[in-house]
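Encoded as structure tokens, the structure appears first; notes follow it.
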Amino acid sequence: MSLPLLKVAVVGHTNTGKTSLLRTLTRDVGFGEVSNRPATTRDVEATLLLVEGEAAIELFDTPGLEDSSGLLERLSAICDRYAVDWTDAIHIFLEQESEQAGFLQEAKALRRVVACDVALYVVDARDRIHGKHRDELEILGRCARPVLPVLNFVAAVDAQPDAWRAHLARVNMHAVVAFDTVVLDEASERRLYEKMATLLDGFAVTLDAVIADITQRREELKFTSAALVAELLIDLAAYRLVVPVREQQQVVEALERLRQAARKAEQDCVDRLIEFFRFRPGDFLSETLPIEQGSWGSDLFDPGALAEFGIATGGAAASGALAGLAIDVVVGGMTLGAAALTGGIVGALTGALGSRGRRWLDGLRGYSELRASTATLELLARRQVSLVRALLRRGHASQDRIRLVEEDSKDDLSALMRELLGPLKAARRHPEWSSLDRARFDVSDEERAALKQRLTRRLTAALRG
């Protein structure tokens with residue numbers, strides 16, 4: 001079923017955030033020009049909101065009403081001269097160029113209002129209430145079109161939304177919505193369309209479809225963001241570099257490769273998130289991931305890893321495929337048998353344990369592994385969750401760059417980190433799960449897919465909170 005196309009004029013005094021409102025509603029940071037300079041918009045600009053590829057709402061950005069008091073006097077004079085009411089006076093004003101002298105910007109705005117189904121009157125809630133505002137409302141109220149006041153910048157410390165609501169009520173405008181174009185609140189956006197629906201019975205189907213589409217797209221944003229973060233964490237948890245512990249230069253070089261791999265993986269994730277949310281690359285103030293040192297195979301011989309290979313961590317030898325073989329190795333005070341590690345035994349162990357058993361044998365031969373520590377993984381997770389939360393509440397009119405600060409990661413993330421880092425231990429034992437090692441990466445591994453699904457579900461739930 002085709003949706004009735006709703007036409008909306010966005011009007012208001014100069015520099016109240018009309019273009020900013022359109023940027024945020026359309027998720028288009030490139031629409032129009034946003035500036036602190038007055039009268040930035042000089043002509044009418046249009047854009048569309050689509051629902052499943054179909055035009056649902058056509059939005060018009062109009063020039064600011066710069067001299068509403070003077071325009072009110074001009075319209076009053078037209079009423080007296082032609083003995084007409086206010087609505088007819090506005091039409092005469094728009095039809096006769098001689099009447100528009102000195103009010104060209106106002107004429108552009110009013111022409112669009114009378115051609116649309118509704119007008120959104122944008123107010124900077126930080127402004128004091130002046131006579132110009134009363135005059136603007138008087139003029140718009142005579143255009144014979146529903147008018148919905150939108151209080152912008154309500155998240156600012158100096159905003160006074162209550163005073164504005166009281167003033168608007170005195171001029172018989174009781175349907176008012178607060179919608180900050182810089183700090184986006186999904187509930188406020190929904191209320192904006194719901195308030196429009198109360199004024200426009202004939203467009204209920206269109207507005208319901210827009211609300212449903214916004215809700216669906218926001219859930220998709222959360223799920224896809226969670227999946228990107230889950231992929232990053234698995235890649236870094238599984239990634240490892242095997243190095244000879246006595247070759248210090250190789251160790252130094254490997255450590256630098258690890259750092260660069262972690263930083264690039266995080267930046268790739270950030271870039272994809274910024275693009276997915278339809279912001280610009282420069283909107284995020286990137287800070288270098290502070291990885292100072294990797295983890296030197298701290299759990300290379302942990303009981304969980306050894307048990308996976310059929311190795312008992314008791315006093316002697318092993319079990320399963322290793323039965324009858326004794327190995328004289330002491331690691332961290334734990335003794336694993338009492339025999340020499342000969343070339344023949346190495347070969348037998350390699351065959352018995354399979355490819356993942358080679359990791360254990362490398363440790364016995366004087367090699368260890370370098371990888372991102374648990375602390376690094378937690379830092380990555382906190383940074384990415386904080387970034388996604390910032391993107392979810394960022395309006396597309398914001399001019400400030402996103403900067404992640406320590407407070408962003410303190411609220412309810414500790415419990416989340418425990419729930420993420422526990423399952424990630426499994427990735428430690430699967431270097432083939434890391435896409436950072438293309439030669440070894442196994443994209444079809446079902447266990448990896450199950451882990452990613454588990455992490456994605458938990459991260460999605462955290463983003464809903």
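The values are calculated or read from the model by the stated rules, or taken from the named source; none is laboratory data. Because the structure is predicted, anything quoted here is derived from the model rather than measured. Counting neighbours? That spans all protein chains shown, and the Cβs are built from the backbone with ideal geometry, glycine included. Side chains are part of the model used for accessible areas, which takes the heavy atoms of the whole protein and leaves out ligands, DNA and RNA. Shrake-Rupley method; radii C 1.70, N 1.55, O 1.52, S 1.80 Å.
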Scanning region 243-259 for residues that are among the hydrophobic types (A, V, I, L, M, F, W, C), farther than 17 Å from LEU436 by Cα and part of a helix (DSSP H, G or I), the one least open to solvent (accessible area, probe 1.4 Å) turns out to be VAL251
All positions within region 41-100 that are among the small types (Gly, Ala, Ser) and within 46 Å of the chain's Cα centre (by Cα)
ALA46, GLY53, ALA55, ALA56, GLY64, SER68, SER69, GLY70
Evaluate region 141-156: report whether one residue or more is open to solvent by 40 Å² or more (accessible area, probe 1.4 Å), in contact with a Lys or Arg (Cβ under 6 Å, 6 or more places away or on another chain) and modelled with pLDDT of 90 or more.
no
Among (1) open to solvent by 10 Å² or more (accessible area, probe 1.4 Å); (2) at pLDDT 95 or above; (3) closer than 30 Å to LEU5 by Cα; (4) in contact with a helix residue (DSSP H, G or I) (Cβ under 7 Å, 6 or more places away or on another chain), the one test that LEU228 misses:
(3)
Which members of region 206-217 meet the condition of being out of contact with any Pro (no Cβ under 7 Å at 6 or more places or on another chain) and either open to solvent by 30 Å² or more (accessible area, probe 1.4 Å) or of a type in the set (Ser, Thr, Tyr) (or both)?
ASP208, ALA212, THR215, GLN216, ARG217
Check on LYS108, within 30 Å of ALA156 (Cβ to Cβ), out of contact with any helix residue (DSSP H, G or I) (no Cβ under 8 Å at 6 or more places or on another chain), of a type in the set (D, E, K, R) and at pLDDT 90 or above
yes
Since ALA238 meets every condition but one in (1) in contact with a Phe, Trp or Tyr (Cβ under 9 Å, 6 or more places away or on another chain); (2) open to solvent by less than 30 Å² (accessible area, probe 1.4 Å); (3) more than 30 Å from ILE402 (Cβ to Cβ); (4) not β-branched (Val, Ile, Thr), which condition does it not meet?
(3)
Taking region 191-224 as the region of interest, how many residues are closer than 20 Å to VAL176 by Cβ and under 18 Å from the mean Cα position of the chain (by Cα)?
0
Considering every residue within region 78-101, establish whether at least one is under 30 Å from ALA209 (Cα atoms) and crowded, with 21+ Cβ neighbours inside 10 Å.
no
Open to solvent by 10 Å² or more (accessible area, probe 1.4 Å) and touching an Asp or Glu at 6+ places or on another chain (Cβ under 7 Å), is that true of GLN105?
yes
Taking interchain pairs and intrachain pairs at least six residues apart, which have beta carbon atoms under 6 angstrom, with the first residue in region 228-247 and of a type in the set (Phe, Trp, Tyr) and the second outside any helix (DSSP H, G or I) and open to solvent by 20 Å² or more (accessible area, probe 1.4 Å)?
TYR239/LEU436
Within 30 Å of PHE276 (Cα to Cα), of a type in the set (Ser, Thr, Tyr) and either touching a residue at least 12 places away in the same chain (Cβ under 8 Å) or surrounded by 20 or more Cβ atoms within 10 Å (Cβ to Cβ) (or both), is that true of TYR193?
yes
Can you name the residue in region 157-177 that is touching a helix residue (DSSP H, G or I) at 6+ places or on another chain (Cβ under 6 Å) and either open to solvent by 40 Å² or more (accessible area, probe 1.4 Å) or assigned to a strand (DSSP E or B) (or both) and is also modelled with the highest pLDDT among such residues?
VAL177
